[in-house]
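The values are calculated or read from the model by the stated rules, or taken from the named source; none is laboratory data. Since we're looking at a predicted model, the values are computed, not measured. Because the Cβ atoms are built from the backbone with ideal geometry, glycine has one as well, and the counts that use them run over all protein chains shown. Side chains are part of the model used for accessible areas, which takes the heavy atoms of the whole protein and leaves out ligands, DNA and RNA. Shrake-Rupley method; radii C 1.70, N 1.55, O 1.52, S 1.80 Å.
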Amino acid sequence: MSGTGAGRRVLLQGNEAIVEGALAAGCRLFAGYPITPASEISELMSLRLPAVAGTFIQMEDEIASIGAVIGASLAGVKSLTATSGPGFSLMQENLGFACMAEVPCVIVNVMRGGASTGLPTSPAQGDVMQARWGTHGDHPIIVLAVSSVADSFEITVHAFNLAEKYRVPVIILSDEVVAHTRETFVLPGPDQVEVVDRMRPSVPPQWYKPYADNSRGVPAMAAMGDGYRHHVTGLIHDESGFPTQRGDEINALVRRQFRKITNGFFEIQMTRSFMMEGAQVAVIAYGSVARSAKRAVRMAREQGIDAGLLQLVTLFPFPRKDVDQVLRQCKAVIVPEMNMGQISREVKRVNRRCRIITYNRVDGQLITPEEIFEELGG
Amino acid sequence: MERIEQLRHTYLRHDKKFPHVWCPGCGNGIVLGSLIRAIDRLGLTQDEIVLASGIGCAGRMSVYADFNTLHATHGRALTFATGIKLARPELTLIAVMGDGDATGIGGNHFIHAARRNLNMTAIIINNQIYGMTGGQYSPTTPYGAHAATAVFGNLEHAFSIAELAVTAGASFVARGTVYHVPELDRLLEKGIAKNGFSVIEILSNCHTQFGRRNQMGDPVTMMRWLKEHAVPAVKAGDLAPESIEGKFTIGVLVDREKPDYLKEYERVRAEARQKAAEAKP
């Protein structure tokens with residue numbers, strides 16, 4: 001690292017940039033379990049956290065890792081874990097707890113290929129639907145995808161801010177290409193990073209209702225040990241946090257948990273348009289594929305093809321408003337993915353006003369600009 | 001009588017939490033009583049206590065006591081407790097689990113928590129059965145005993161939870177029963193006060209699911225069984241092995257000093273700070 005002043009130019013890999021983003025966002029606890037290709041996040045956290053009075057711990061498995069992360073957040077400390085597919089599968093149980101008890105936390109999944117042990121060191125995007133629906137039951141969740149090293153910093157900060165603001169777990173999906181590529185970018189100084197903290201109760205403890213509704217649908221959150229003794233459970237609960245079987249209370253809780261995300265949809269929906277002006281054919285892509293797509297769009301424009309790109313940063317809640325505009329504008333949309341077609345189905349659900357072409361690659365290789373260029377009619 | 005009522009008023013939650021889910025005669029209420037008396041004697045405030053529990057009959061304890069309470073997922077209470085303790089070391093962490101909770105689904109977390117030695121207390125109520133789900137055999141159901149999923153007798157062999165905790169490296173390990181209540185109060189008090197990972201295994205009666213299937217009688221009869229089969233750990237060494245065959249030891253099994261994880265981590269923080277300061281130009 002070199003340079004001085006507020007921002008400085010640094011050379012980092014994606015996994016390292018996630019660590020920088022987490023620290024800048026105020027993350028002070030990391031619990032994890034070794035797994036390729038996410039281990040660099042653990043390793044760097046074990047070095048950096050103790051120096052800023054934070055805590056690193058290596059747990060006995062991924063179930064325990066996310067358990068410790070949820071515990072720390074309940075005690076008021078922003079926390080992170082990072083894993084890959086097999087570990088992410090193990091986390092699904094406690095991820096549901098974080099959704100139900102509305103515990104802010106961030107989970108990074110550096111995706112690998114295939115089911116089971118799969119392809120540990122090859123790029124893939126097969127965990128998109130798992131990130132949305134991996135834990136059982138109806139639940140609110142936010143899923144973001146990173147496409148570059150700079151993104152890995154910026155989106156990690158966003159992830160923490162959204163987790164804190166909406167009291168939800170936020171999943172960051174990265175992939176082998178982003179995680180292990182080294183790139184330079186300007187690392188903002190501490191004053192240049194906007195950090196959001198959860199709303200704390202302003203009422204005296206005896207008035208505090210940990211799950212009381214309000215205009216935003218996001219209750220104020222007291223930390224354990226702050227004198228606001230209350231109960232936290234994975235059971236369906238009433239507004240004071242205790243288990244309930246009453247239909248009206250069940251309904252109120254589940255619907256509020258969905259409403260808080262719906263209310264914030266336009267803030268949570270993050271996309272990036274590239275050369276969409278006058279585009280007749282567009283690529284909708286996310287993660288490292290969006291970078292190949294960007295290059296492909298440039299190549300197509302040079303050939304006189306009216307191509308554009310909509311990069312999805314938020315995958316869930318699905319950015320249907322921005323996708324809808326693209327589908328209305330274009331004659332055809334290509335959805336390239338390093339899976340058998342997970343986001344393309346979501347795109348098709350928005351509307352079928354134009355031709356939607358899926359392009360899949362599942363051989364452990366990244367999708368090249370040339371492949372997308374060819375699909376664009378190049 | 002007056003004193004007991006005062007404790008109950010202070011430490012139990014009143015509105016909407018009762019009647020509790022436990023069967024009449026269940027040992028869980030005796031454990032809750034002992035726990036409250038131990039906490040009261042230690043002079044800890046309700047705000048500084050976190051009571052975490054898992055899933056099952058024992059897991060419901062966190063609903064009834066007026067502390068910072070957490071009803072975690074099945075077997076995972078210790079993992080959540082670990083995160084809370086790391087985030088707020090000044091809090092007193094107590095995890096209440098059942099035998100299936102702590103040594104079945106949560107067995108891995110249990111042995112690693114004992115090995116890691118964070119300053120917290122694990123209370124494991126061992127009733128030798130999965131009670132809430134209807135009496136299926138657990139990791140502590142004796143060989144040959146009957147259960148809803150062992151109609152022809154249990155083919156597996158039981159864990160000795162306290163001995164497992166000793167081997168895994170816990171700083172303090174004790175075993176008590178819901179019959180030996182004054183001693184249980186003292187064991188819980190010692191365990192909570194101990195600086196390090198403490199385990200208190202409490203043998204309890206599940207007459208509804210275990211006793212009924214194994215012709216062990218009503219709660220009083222099952223407690224009498226606990227009384228007759230308990231051997232004080234301090235005496236066990238002097239007794240002839242055949243005289244304690246089929247019995248279990250109660251009392252403190254291990255009380256040893258090990259470095260506390262968080263104290264050790266302070267050293268890591270100091271070294272990391274120094275390294276970071278040196279790295280700056």
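Here are a few things to note about the model shown:
- Any hit, region A:5-24, residues being closer than 16 Å to residue A:79 by Cβ, part of a loop (DSSP other than H, G, I, E, B), modelled with pLDDT of 95 or more and under 22 Å from the mean Cα position of the chain (by Cα): no
- Taking every residue in region B:253-281 that is more than 9 Å from chain A (Cβ to nearest Cβ) and pairing it with any residue that is part of a helix (DSSP H, G or I), at least 6 positions away or on another chain, the pairs with Cβ-Cβ distances below 6 Å are B:253/B:162; B:253/B:166; B:253/B:233; B:254/B:166.
- Any chance residue B:54 is open to solvent by less than 10 Å² (accessible area, probe 1.4 Å), more than 9 Å from chain A (Cβ to nearest Cβ) and under 27 Å from residue A:57 (Cβ atoms): yes
- Of the criteria (1) more than 7 Å from chain B (Cβ to nearest Cβ); (2) over 30 Å from residue B:274 (Cβ atoms); (3) in contact with a Ser or Thr (Cβ under 6 Å, 6 or more places away or on another chain); (4) assigned to a helix (DSSP H, G or I), which one residue A:65 fails: (2)
- Of the numbered criteria (1) over 28 Å from residue A:114 (Cβ atoms); (2) more than 7 Å from chain B (Cβ to nearest Cβ); (3) outside any strand (DSSP E or B), the one residue A:56 fails is (3).
- Breaking point among (1) more than 8 Å from chain A (Cβ to nearest Cβ); (2) touching a residue at least 24 places away in the same chain (Cβ under 8 Å), for residue B:109: (1)
- Test for residue B:183: is it away from chain A (no Cβ under 14 Å) and out of contact with any strand residue (DSSP E or B) (no Cβ under 8 Å at 6 or more places or on another chain): no
- Among (1) modelled with pLDDT under 95; (2) under 30 Å from residue A:218 (Cα atoms), the one test that residue A:193 misses: (1)
- Pick from region A:150-176, criterion aromatic (Phe, Trp, Tyr) and open to solvent by 10 Å² or more (accessible area, probe 1.4 Å), ranking: nearest to residue A:97 (Cα to Cα): A:166
- Residues of region A:231-261 that are free of Cβ contacts under 8 Å to residues at least 12 places away in the same chain, polar (S, T, N, Q) and within 11 Å of another protein chain (Cβ to nearest Cβ): A:244 alone.
- Leading residue by the ranking (farthest from residue A:255 (Cα to Cα)) among those in region A:114-127 that are touching a residue at least 60 places away in the same chain (Cβ under 8 Å) and surrounded by 23 or more Cβ atoms within 10 Å (Cβ to Cβ): A:123
- Scope region B:59-86; condition touching an Asp or Glu at 6+ places or on another chain (Cβ under 9 Å) and open to solvent by 10 Å² or more (accessible area, probe 1.4 Å); matching residues: B:73, B:74, B:76
- The condition (being open to solvent by 70 Å² or more (accessible area, probe 1.4 Å) and outside the structural domain of residue A:325 (by TED's automatic domain parsing)) is satisfied by just one residue among A:295, A:259: A:259.
- Residue check for residue B:158: over 20 Å from residue B:31 (Cα atoms), open to solvent by 20 Å² or more (accessible area, probe 1.4 Å) and in a loop (DSSP other than H, G, I, E, B): yes
- If the condition is being outside any helix (DSSP H, G or I) and either open to solvent by less than 50 Å² (accessible area, probe 1.4 Å) or modelled with pLDDT under 95 (or both), then region A:346-358 contributes A:351, A:352, A:353, A:354, A:356, A:357.
- Qualifying residue in region A:100-112 (condition: open to solvent by 10 Å² or more (accessible area, probe 1.4 Å), more than 30 Å from residue A:256 (Cβ to Cβ) and away from every other protein chain (no Cβ under 12 Å)): yes
- Cross-chain or 6+ apart pairs with Cβ under 6 Å, region A:189-213 first and over 18 Å from residue A:169 (Cα atoms), then at pLDDT below 95: A:189/A:6; A:189/A:7; A:192/A:6
- Unmet requirement for residue B:61, which otherwise passes all of (1) part of a helix (DSSP H, G or I); (2) over 15 Å from the mean Cα position of the chain (by Cα): (2)
- If the condition is being touching a residue at least 60 places away in the same chain (Cβ under 8 Å) and touching a Gly at 6+ places or on another chain (Cβ under 9 Å), then region B:224-251 contributes B:250, B:251.
- Of the residues making up region A:177-192, those that are part of a loop (DSSP other than H, G, I, E, B) and open to solvent by 20 Å² or more (accessible area, probe 1.4 Å) are A:181, A:188.
- If you filter region A:69-99 down to residues that are surrounded by fewer than 20 Cβ atoms within 10 Å (Cβ to Cβ) and of a type in the set (S, T, N, Q), you find that the one that is farthest from residue A:165 (Cα to Cα) is A:89.
- Residue in region B:23-46 that is surrounded by the fewest Cβ atoms within 10 Å (Cβ to Cβ), counting only those that are within 14 Å of chain A (Cβ to nearest Cβ) and in contact with a strand residue (DSSP E or B) (Cβ under 7 Å, 6 or more places away or on another chain): B:44
- Applying the set (1) at pLDDT 95 or above; (2) open to solvent by 10 Å² or more (accessible area, probe 1.4 Å) to residue A:337 leaves exactly one unmet item: (2).
- Residue check, residue A:89 part of a helix (DSSP H, G or I) and over 24 Å from residue A:236 (Cβ atoms): yes
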